[in-house]
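**Q** A single structure is presented below for examination.
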Amino acid sequence: MWQPDSSARPFTILLADDDEEDRELARDALQDSRLANEMKFVVDGQDLLDYLHHQGRWAGPEVDAPRPGLILLDLNMPKKDGREALVEIKADETLRRIPIVVLTTSNDEADILASYDLGVSSFITKPVTFGALVDVMRSWTQYWFEIVQIPNGDVRGVRRH
């Protein structure tokens, strides 16, 4: 059985989902898969962009809004949906390298193709049962935290030769 590597570099996971129950299930599933990374939550696409730009309720030095190392993104949200937020994130030179994993109820081929065209790293359809969600999160965490190399922090200052 896979065991998480306690020496893996910690970073914040930002989950964008308008459904409170889905946010809690995802948090619980990640905890059940023994992931210890800090999680932050936003409730829609506009809240996601505000978080990333430290605006609105995420503005000010007293607000704890660290740059996420990875974003879990639901597509179907009010105000600004995940697709619209994704377009803006990938168009922003300071944000585009943050890996984004779509975690949504949709299994529509058009959503899958459009998401990859917009630059997502992975597309996961939310399983129906909590047990299946835990299994998916366990596999997902193993992949993202043991195998994949993720850019370290803010890469705006990287120079190219």
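The values are calculated or read from the model by the stated rules, or taken from the named source; none is laboratory data. Model, not experiment: these values are computed from the prediction. Glycine gets a Cβ as well: all are built from the backbone with ideal geometry, and neighbour counts include every protein chain shown. Side chains are part of the model used for accessible areas, which takes the heavy atoms of the whole protein and leaves out ligands, DNA and RNA. Shrake-Rupley method; radii C 1.70, N 1.55, O 1.52, S 1.80 Å.
**Q** Can you spot a residue in the range 73-84 that is open to solvent by less than 30 Å² (accessible area, probe 1.4 Å), more than 17 Å from Leu14 (Cβ to Cβ), in contact with a helix residue (DSSP H, G or I) (Cβ under 9 Å, 6 or more places away or on another chain) and among the polar types (S, T, N, Q)?
**A** no
**Q** Examine the range 61-82 for a residue that is at pLDDT 95 or above and touching a Lys or Arg at 6+ places or on another chain (Cβ under 7 Å), and state whether such a residue exists.
**A** The answer is no; no qualifying residue exists.
**Q** Mind checking which residues of the range 23-37 are in a loop (DSSP other than H, G, I, E, B) and surrounded by 14 or more Cβ atoms within 10 Å (Cβ to Cβ)?
**A** Ser33, Leu35, Asn37
**Q** Scanning the range 107-123 for residues that are buried (at least 16 other Cβ atoms within 10 Å of the Cβ) and of a type outside the set (Gly, Ala, Ser), which turns out farthest from Arg23 (Cα to Cα)?
**A** Leu118
**Q** Could you grab the pairs with beta carbons closer than 8 Å, sequence gap of 6+ or different chains, first residue in the range 14-25 and under 20 Å from Gly69 (Cα atoms), second one outside any strand (DSSP E or B) and aromatic (Phe, Trp, Tyr)?
**A** Leu14/Tyr51
**Q** So, one more: Return yes when Ala91 is modelled with pLDDT of 95 or more and buried (at least 16 other Cβ atoms within 10 Å of the Cβ) and no when it is not.
**A** Here the answer is no, as Ala91 does not meet what is asked.
**Q** Going by the conditions given, is Ile112 of a type outside the set (Phe, Trp, Tyr) and closer than 19 Å to Phe11 by Cβ?
**A** Taking the combined requirement at face value, the residue does not satisfy it.
**Q** Can I ask one more? Within the set of pairs 6 or more residues apart or between chains, which connect a residue that is more than 15 Å from Leu86 (Cα to Cα) inside the range 116-145 to a residue that is open to solvent by 70 Å² or more (accessible area, probe 1.4 Å) with Cβ atoms less than 6 Å apart?
**A** Short answer, once both residue conditions are applied: Thr125/Asn107; Lys126/Thr105; Val134/Asp32.
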